[in-house]
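**Student:** Okay, here's the structure, questions in a sec.
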Amino acid sequence: MTILVVDDEPSLVDTVATVLRYEGYEVAEARTGRDALTRVQEERFDLVVLDVMLPDLDGLEVTRRMRADGIDVPVLFLTAKGEVEDLVAGLGAGGDDYVAKPFSLAEVVARAKALLRRSGVERGDGRLHFADVTLDEQTHEVWRDAHAVKLTATEFNLLRAFMLNPRRVLSKSQLIDYVWHYDFGGNQNIVETYVRYLRKKLDPYGPPLIHTIRLVGYVMREADE
């Protein structure tokens, strides 16, 4: 399943897109209303997460034009407006649900999943692959180069976060959100500790795949990339 995330704030788009990728969705990104309209006209999406306040075409107008073109993809509005009339206007324009800023990532994920269920879209869990590593989301088994790798639940979730975001640098804060959940209040050094545990279990069977990007975070990629 593919979700389009639209917002003119790069940090917000990156955060929402990355957490949706962690949940197993393919995610595309747009920064303006016109860009979003072009994308949905040219590509197929299962859900659009759409900011209401955009610098060119606002989210309500984007949705009206989508509906006029016969594009019935579900729309989840991101809005800073809490007034009832604004929310009613948003839903009247063809939107399906909304999340008011400031919002929690958990709420965005929950509402996105609910819209996808209501629209009849289901995500089937399967196996993730990167280089010579395979991760089975159903059985929680991991293999590297045909060797079974025994991971704890936290190690498994950390590896899954990397495999859902291959070649993408993830900060400690992002990994905290995805692995230890969105309300974690502990020390971020726990990420470094579990990355070390994960490397010790994967590296004996092949070249290192999880690399440290100094002062930024971590990335899963092959050494020659």
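The values are calculated or read from the model by the stated rules, or taken from the named source; none is laboratory data. None of the values given here were measured: they were computed from a predicted structure. Counting neighbours? That spans all protein chains shown, and the Cβs are built from the backbone with ideal geometry, glycine included. Only protein heavy atoms, including side chains, enter the accessible area calculation; ligands, DNA and RNA are left aside. Shrake-Rupley method; radii C 1.70, N 1.55, O 1.52, S 1.80 Å.
Listed here are the residues, each with its yes/no results for (1) more than 19 Å from Val27 (Cα to Cα); (2) at pLDDT 85 or above; (3) not small (Gly, Ala, Ser).
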site	(1), (2), (3)
Gly126	no, no, no
Asp136	yes, yes, yes
Thr139	yes, yes, yes
Trp143	yes, yes, yes
Thr152	yes, yes, yes
Arg160	no, yes, yes
Asn165	no, no, yes
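**Student:** With (1) open to solvent by 40 Å² or more (accessible area, probe 1.4 Å); (2) charged (D, E, K, R); (3) touching a strand residue (DSSP E or B) at 6+ places or on another chain (Cβ under 9 Å) as the list, and Lys200 as the residue in question, which single condition is left unmet?
**Tutor:** So the condition that Lys200 fails would be (3).
**Student:** Would you mind finding the one in Asp145, Asp132 that is touching a strand residue (DSSP E or B) at 6+ places or on another chain (Cβ under 7 Å) and more than 25 Å from Glu107 (Cβ to Cβ)?
**Tutor:** Answer to the selection: Asp132.
**Student:** While we're here: Among the residues of the stretch 47-64, is there at least one that is in contact (Cβ under 8 Å) with a residue 12 or more places away in the chain and either in contact with a Pro (Cβ under 9 Å, 6 or more places away or on another chain) or at positive phi (or both)? Steps first, answer last, please.
**Tutor:** Keep residues of the stretch 47-64 that are in contact (Cβ under 8 Å) with a residue 12 or more places away in the chain, which gives 47-64.
Next cut, either in contact with a Pro (Cβ under 9 Å, 6 or more places away or on another chain) or at positive phi (or both) only: 47-48.
Yes, that holds for at least one residue.
**Student:** Give me a count of the residues in the stretch 136-173 that are in a helix (DSSP H, G or I) and either open to solvent by 20 Å² or more (accessible area, probe 1.4 Å) or among the hydrophobic types (A, V, I, L, M, F, W, C) (or both). Before the answer, list the steps.
**Tutor:** Applying the first criterion (in a helix (DSSP H, G or I)) to the stretch 136-173 yields 153-164, 172-173.
With either open to solvent by 20 Å² or more (accessible area, probe 1.4 Å) or among the hydrophobic types (A, V, I, L, M, F, W, C) (or both) added as a condition, the list becomes 153-154, 156-164, 172-173.
The total comes to 13.
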